[in-house]
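> This is the structure I want to talk about, given as structure tokens.
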Amino acid sequence: MIPAVLKHGCILVRDEKELITGIITKTDLGKVLAVFSRPFVLLERIEFRIRSLVERAGFTSEELRILARDDGDDRPVTTVDDLTIGEYKRLLDRDDVWARIDIGIERKPFIAQLGKVRSVRNRVMHFNPDSPTDDDIDVLTRFVDLLEELAWVASKRS
């Protein structure tokens, strides 16, 4: 169906009696793509902003491995790009790390929201058929907004 819409600009939809009952256009496909891709775009923006927070604190790869990783996880860590959202959460939930990133907000609510983001991310990335919900998109959107506000404030302090 998608290749036919792209080739011809639209396709006609027929019912079981072969009567034309609708039309699917490139615009319709674009709308579906926009809805489907939104959580992925939001998650990418969140991960980018979290990485920026952690990078700004100047952690060495050894510090990242020790502070963020589960015991027994042998996956190599050389940069913040190697960390998962769960590892970012574990890292940022430490008092010493939180003081080091110095973003001027309370840690516990931030970590609670990051935990919600992690949960939504896992459902989205594993293609849970019930996800994302409107509430999931709201969680991601609000967290992106918070992170971008924090980045803006940090840029004004520099």
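The values are calculated or read from the model by the stated rules, or taken from the named source; none is laboratory data. Bear in mind the structure is a predicted one, so any value in this text is a computation, not a measurement. Don't worry about glycine lacking a Cβ; one is built from the backbone with ideal geometry, like all the others, and counts go over all protein chains shown. Accessible surface is based on the protein model in full, side chains and every heavy atom, while ligands, DNA and RNA are left aside. Shrake-Rupley method; radii C 1.70, N 1.55, O 1.52, S 1.80 Å.
> Tell me, what HN-Hα J-couplings in whole Hz come from the Karplus equation 6.51 cos²θ - 1.76 cosθ + 1.60 at θ = phi - 60° for each residue of the stretch 6-18, using x for Gly and Pro?
5, 6, 9, x, 6, 9, 8, 9, 10, 8, 5, 9, 6
> Show me, for the stretch 39-47, the HN-Hα J-couplings you get by feeding each phi into the Karplus relation (A = 6.51, B = -1.76, C = 1.60, θ = phi - 60°), rounded to Hz, glycine and proline as x.
Listing the rounded values in order: x, 5, 5, 4, 5, 5, 5, 5, 4 Hz.
> Is the stretch 48-145 rounded, prolate or oblate when judged by the Cα gyration tensor, a ≥ b ≥ c being the square roots of its eigenvalues, rounded requiring a/c under 1.5 and prolate requiring a/b larger than b/c? Walk me through the numbers before you get to the answer.
Numbers: a/c = 2.25, a/b = 1.39, b/c = 1.61.
Oblate, since a/c reaches 1.5 and b/c is not below a/b.
> Let me ask something additional. Share of Cα-Cα pairs in the stretch 95-152 beyond 13 Å, in percent? Walk me through the numbers on the way to the answer.
Numbers: 1071 of 1653 pairs.
Across the stretch 95-152, Cα pairs with separations above 13 Å total 65 percent.
> Sticking with this one: Counting only protein heavy atoms and using a 1.4 Å probe, what share of the accessible area of the chain belongs to carbon plus sulfur, as a whole percent? It would help to have the intermediate numbers written out before the result.
On the way: 5470 of 10180 Å².
So the carbon and sulfur contribution to the accessible surface is 54 percent.
> Give the peptides 101-111, 13-23, 36-46 in descending order of average Cβ contacts within 10 Å, highest first. Before the final figure, lay out the partial values.
On the way: 101-111: 13.5, 13-23: 9.1, 36-46: 16.1.
Ranked by mean Cβ neighbours within 10 Å, highest first: 36-46, 101-111, 13-23.
> At a probe size of 1.4 Å, how large is the accessible area of residue 82, to the nearest 10 Å²?
My reading of the accessible area for residue 82 is about 50 Å².
> In Å, what Kirkwood hydrodynamic radius results for the stretch 1-112 from the alpha-carbon pair distances?
Numbers: mean 1/r = 0.0564 Å⁻¹.
Value: 17.7 Å, from the Cα pair sum.
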